[in-house]
1. To the nearest 10 degrees, how steeply does helix 84-94 sit against the main Cα axis of the chain, on a 0 to 90 scale?
2. Relative to the longest principal axis of the C-alpha atoms of the chain, give the angle of the C-alpha long axis of helix 109-119, reported between 0 and 90° and rounded to the nearest 10°.
3. Tell me the volume per residue, in Å³, of the convex hull enclosing the alpha carbons of the stretch 22-263.
4. What is the Cα centroid distance between the stretch 25-93 and the stretch 137-170, reported in whole angstrom?
5. At 7 Å along Cα-to-Cβ for each site, give me the label-to-label distance between Ile271 and Thr151 in nm.
6. Taking the simple approach of a point 7 Å from Cα along Cα-to-Cβ for both Glu69 and Ala194, what is their distance in nm?
7. Order of Lys253, Lys272 from fewest to most other C-beta atoms within 10 Å?
8. Size of the dipole of the stretch 22-263 about the Cα centre, Lys and Arg at +1 and Asp and Glu at -1 on the beta carbon, nothing else charged, in debye to 20?
Amino acid sequence: ADAGWVVRDGPDGFTLAPKPPYAVLASVADLPDNSAEPDSGRATVGVLVEGWPQDVRTCVQALVAHAPEDVAIVLLDNGSDTGAGAVVHELAVAHERVSEVHVERAAGWSQARQALLRADTAAVHVLLDPSTVLEGDALGPVLEAIEADQTVVGAGWRGVDVAAGWTEFVDAGPGEVEALLGYLFAVRRSAAAAVALPPKARFYRNADMEWSFLLREAGGRLVVPAGDLPVRQDRHRGYHDTPTDYRDKESKKTYDRFLQRFRGREELRLIK
């Protein structure tokens, strides 16, 4: 292609598109694997961007305003073609601690998240959904919960416990929990290196619960800090704006997989 254009292969054949002012990798497989590297830095927040540029701007501007200064932010533009890539680039240029990754071919939730985790070198990696908006320093208490206790491998904003014969989850409140929700889920990088995200989870829903139990099966503890963290949740696009058939099918696949592995494993339940 000429310097100002790129060739894209779409369902209707090849098209020419303006070349963006940032590098675009073919897929998340092109991200580096730093999982064997020593910890460098306190924490990195990973935001998976799949469209909705204004949501991304709101989320990241709140992060920049409220996250501790020693926390880095990485935005993965996961093959979106809705203008979100331009906003990701704009935010990375405007804020020194924000870095950007753009991929041409979209990956499933677990594959994209795992690539971000492998590339990170911070002691703690934070999974943050763009619908999660900080209204104060919510990350400080979450990170401190992990840093204060080596047995704690994950901490987050909201936790749940299994209920009704493993057929549903209920809000757990603060303290140790059976699972953390992926809206804001911080994990010790060493634990994440040993216990990968569920590789078959193409969609986010229930994958956070499955991963939580995998981490706990390996001996880790998950907690929610005491007190009300200053966080709000805006519209969750992954749930509300994903085609219902796909959402329900992929959610059920993950939940069925979770039940097959963990249902009846009462030793993983917390006595409260």
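1. With rounding to tens, the tilt is 90 degrees.
2. 90 degrees
3. Residue-normalised Cα hull volume stands at 116 Å³.
4. What the calculation gives is 23 Å, centre to centre.
5. Simple spin-label model gives 1.4 nm for this pair.
6. Going from the Glu69 label point to the Ala194 one covers 3.4 nm.
7. Exposure proxy ranking, most exposed first: Lys272, Lys253.
8. For this selection, approximately 780 debye.
Read-outs: derived from the displayed coordinates by stated rules, not from any lab. Just so it is clear, the structure is predicted and the values come from calculations on it, not from any experiment. All Cβ positions, even for glycine, are placed from backbone atoms using ideal geometry, and neighbour counts span all protein chains on display.
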